[in-house]
Amino acid sequence: MKHTIFRYDPLLKAYEKGFDLRKENFEKKKKELLTGCDSLKDFASGHLYFGFHKTENGWYYREWAPAAEKMYLTGDFCNWDRYAYPMEKGENGVFSLFLEGKDALKDGQKVMAVVISGGKELERIPLYIHRVVQDPVTIAWNGVIYDPQEEFQWTDSKFKPQKKLFIYECHIGMAQEEGKVGSYEEFRVHILPKIKDLGYNTIQIMAIMEHPYYASFGYQVTNFFATSSRFGMPEDLKRLIDTAHNMGIAVLLDVVHSHACKNTREGINEFDGTTYQFFHEGPKGEHSAWGTKCFNYGKNEVIHFLLSNLKYWQTEYHFDGFRFDGVTSMLYLDHGLGTSFDCYDKYFSMNTDTEAVTYLQLAATMVRQVNPNAILISEDMSAMPGMCIPIKDGGMGFDYRLAMGEPDMWIRLLKDTPDEYWDLNSIYYELANRRPKEKVIGYCESHDQALVGDKTIMFRLCDQEMYWSMNTGSQSMVIDRGMALHKMLRLITMTLGGEGYLTFMGNEFGHPEWIDFPREGNGWSYHYCRRQWSLAENPDLRYKDLLAFEKAMISMAKKNRVIGGRDVQLKLDNTAKILVYKKGGAIFAFNFHPTNSYEGCFLPMLEAGTYGVVMSTDDFCFGGQGRIWHQTYETVMQDGTPGIRLYLPSRTAVVLKKK
């Protein structure tokens, strides 16, 4: 069995049996699932059958609960009479109920399933419910009938995501400056225009799938088909996405299929009274580090549930794709905990969860059947070979992998290594090296680096000095260093680090401090769970300079087609801390030395001619000292190589372009 991936990376040929197994498992499972339907897109329609469905004559309610002996529907529509509406158990453990009359259930009514299993009576929120709310008095969560009077009218039929992704990672609840939980509508009105103005063309939204614990950042999901009610109504999210599309902005869902919340009453755990309905039994079903449940990806009903979930978010809410959370945890039986993936043997071993590999291939296939333009991003720190290669070529079918080693590198350098000892060879290798033909999303920092216990790049650079020295009139060597490196790190990462670029909201202007959700330990405060946009809007503070640089950087990258282009290294002098390379239509020259500036510094060029300065991190408009003149430079020859000579100050990067 031949695989095209071996042409890209001949070293993988030694693991041909592993790739054969990958393909065999995928084809076998796909054939198994497609009994009675033509495609995975058709197969993934559980949400169209299960749950609540209104017809001309009444309401159908169906659940899959194979281990349950009996099931009832209750709610405020029947004064919570637990046994008034018994359900009928059919084949394959499917329970069903028909409530006669279109008004048998109404929008906003609370409902719960009563499950009798193993002699126990259990309360459960319906698995496919579209809305779940928390009672402010009892603090209990309840399923809610969602039946709006008018169907939402979409206006985005012609929208297609752009090819080069500039991704703005965001969280609806903490997007407002006011100390509270923000709403979908507030985000649509106040935050989307900021994102558009910056030049980002994609948003990646966290914490949309319902989760009871706000501080989990949305990563402990209980209700997979419900939008988080703390942010507003489902139609509010639809309006947000429709507006984004009309602005030319694609919308990705941060989807969590790697694990699920342990909660039972309001979650899917033990819905039918058993641990094995959705998850593995015993230790294999427990994530020791996260305290969550691990899906059984080999079970067809679980695959049906998860694939239907993806299709639901695509069709009902028009999401343009997914960032799959925790893929490393899915791929390995030990969840990748403590494993250093330093050789290929570790990808093709008894530790690999081949059922999870197959599920991810099925997911990639189904998502593209629904929308051929869909975007799939994998959060995999192990860099599994073939993750971003087409399935037909031996891969797993995703478009991008998050380059998780890049922010780790920057944090390590900032924590442990004085500036003058930074190794440009290592930095260049980390940013420019990737698996052949596999695209990555580069980034300096995401929400991970901003959480309490860690620090954003700007806060790590400047720390408490940000509290009193970020005003334009202050003189602070700490702030000057922080401003300079913040811009340089973002520029080099965006231009070298991937075929796409990502940031977390607020980091573009150096948002101070960390993210800490309201909890008992901080007096349930929202002080650290918001974004202080006013800092970047204040003309007397230097945050505005970082924001201006971000906007100019993205504009420059688009005009010069930097993202996705091939880089050509022109100079790397680790002693002088100078790095020069060509990417797209621009030349990038960096001087990372903390003190040495170079008069008449020779920068090699690929071609002779006239070169002009496009921008510099030291420009006045970006809070710099204006030491780079925006002038033209004629090439000169040095040792048979054309190049230009210019003044290259310390801690400065210059972007040049041939006239």
Checklist entry - Quick one: Karplus J couplings for the stretch 405-418, per residue in order, coefficients 6.51, -1.76, 1.60, θ = phi - 60°, nearest Hz, x for Gly and Pro? => result x, 5, x, 4, 4, 5, 5, 4, 4, 5, 7, 10, 10, x
Checklist outcome for this item: The percentage of the accessible area of the chain (probe 1.4 Å, all protein chains present) made up of carbon and sulfur atoms, to the nearest whole number, is 49 percent
Checklist outcome for this item: Here the stretch 433-448 yields Karplus 3J(HN,Hα) values (6.51, -1.76, 1.60; θ = phi - 60°; whole Hz; Gly and Pro given as x) of 8, 7, 5, x, 6, 10, 8, 10, 9, x, 6, 7, 7, 10, 5, 4
Checklist outcome for this item: Mean Cβ-within-10 Å packing, highest first, puts peptides 48-57, 179-188, 71-80 in the order 179-188, 71-80, 48-57
Checklist outcome for this item: In nanometres, the difference between 0.36 nm per residue of separation and the alpha-carbon distance of Lys102 and Glu316 is 74.8 nm
Checklist entry - Calculated from DSSP H runs of 4 or more alone, at -39500 (n - 2.57) each and per residue, what is the 222 nm mean residue ellipticity of the chain, nearest 500? => result -7000 deg cm²/dmol
Checklist entry - With charges set only on the Cβ (+1 for Lys and Arg, -1 for Asp and Glu), what does the dipole of the stretch 39-120 come to about its Cα centre, in debye to the nearest 20? => result 200 debye
Next on the checklist: So if I take the centroid of the Cα atoms in the stretch 373-429 and the same for the stretch 121-162, what is the distance between those two points in Å?
Outcome noted: 35 Å
Checklist entry - What pairs from Lys487/Lys659; Lys41/Lys102; Lys262/Lys311; Lys17/Lys299; Lys164/Lys558; Lys415/Lys582 go past 19 Å between their alpha carbons? => result Lys487/Lys659; Lys41/Lys102; Lys262/Lys311; Lys17/Lys299; Lys415/Lys582
Checklist entry - Per residue, what accessible area does the chain have, given a 1.4 Å probe and all protein chains present, in Å²? => result 40 Å²
Next on the checklist: Applying a 10 Å radius around every beta-carbon, put 354-367, 212-225 in order of their mean neighbour count, most first.
Outcome noted: 354-367, 212-225
Checklist entry - Which entry is the computed semi-axes √(5λ) of the Cα gyration tensor in Å for this structure: [x] 41, 31, 25; [y] 48, 29, 21; [z] 53, 30, 24? => result [y]
Checklist entry - In degrees, nearest 10, range 0 to 90: what is the angle between the Cα axis of helix 354-370 and the longest Cα principal axis of the chain? => result 90 degrees
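The values are calculated or read from the model by the stated rules, or taken from the named source; none is laboratory data. Computed from a predicted structure; not experimentally measured. For neighbour counting, all protein chains shown are included, and Cβ atoms are generated from backbone atoms with ideal geometry for every residue, glycine included. Please note that ligands, DNA and RNA were not included when accessible areas were found on the heavy atoms of the full protein model with its side chains. Shrake-Rupley method; radii C 1.70, N 1.55, O 1.52, S 1.80 Å.
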